[in-house]
Amino acid sequence: MQREAKRLLLAQLATSVVLYGTLLAVAVESPQSGLVGGLIATLTNAFVAYRVFGAYSAQDTSELVSRFYLAAIGRLLLVAALFAVTIIYMQPLNGLALFGGFFMVQMVPVFVPMARGND
């Protein structure tokens, strides 16, 4: 994987942990739901990064495009499966924390470059 992808994944993982600590501090019921939501986002983004950048040589652009599409489809299926398993088996579950954590961590790749001043 590329160095930037690894950096973003680490930022997402750190955001998940900080979110969990914040939810614990404000006494939200079942703060682990926020952690799991963040980890779902991080794990599925790691899947995409691995599928796109793992063992790839930049010689064939059509192969890169197909890798992106296949990774995106795989990610959607993985997100759906992980949310389904979480909703079925995680008790107690705080839906707002679960989906809020997912959304917050999903937005990390948007805000990290902005915070660093990159375009």
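All of the numbers you see were taken from the coordinates with simple rules; none came from a lab. Because the structure is predicted, anything quoted here is derived from the model rather than measured. In this analysis, Cβ positions are derived from the backbone assuming ideal geometry, glycine residues included, and neighbour counts consider all displayed protein chains.
One quarter of the surface of the convex hull around the alpha-carbon atoms of the chain equals 8.1 nm², the direction-averaged projected area. Relative contact order, percent, of the chain when contacts are C-alpha pairs under 8 Å separated by at least 6 residues? Over the chain, the number comes to 41 percent. For Ile73, the shell of other residues with beta-carbons less than 15 Å away shows a net charge of +3, using +1 for Lys and Arg and -1 for Asp and Glu. If the chain linking Val17 and Glu63 were pulled fully straight, counting 0.36 nm for each residue of separation and taking away their Cα-Cα distance, it would gain 13.0 nm. Classify region 1-50 from the C-alpha gyration tensor, please: rounded if a/c falls under 1.5, else prolate or oblate depending on whether a/b exceeds b/c. Taking the square roots of the gyration eigenvalues as a ≥ b ≥ c, region 1-50 is oblate.
Kindly put Phe83, Phe111 in sequence by how many other C-beta atoms sit within 10 Å of each C-beta, fewest to most.
Numbers: Phe83 16, Phe111 12.
Final ranking by Cβ density, sparse to dense: Phe111, Phe83.
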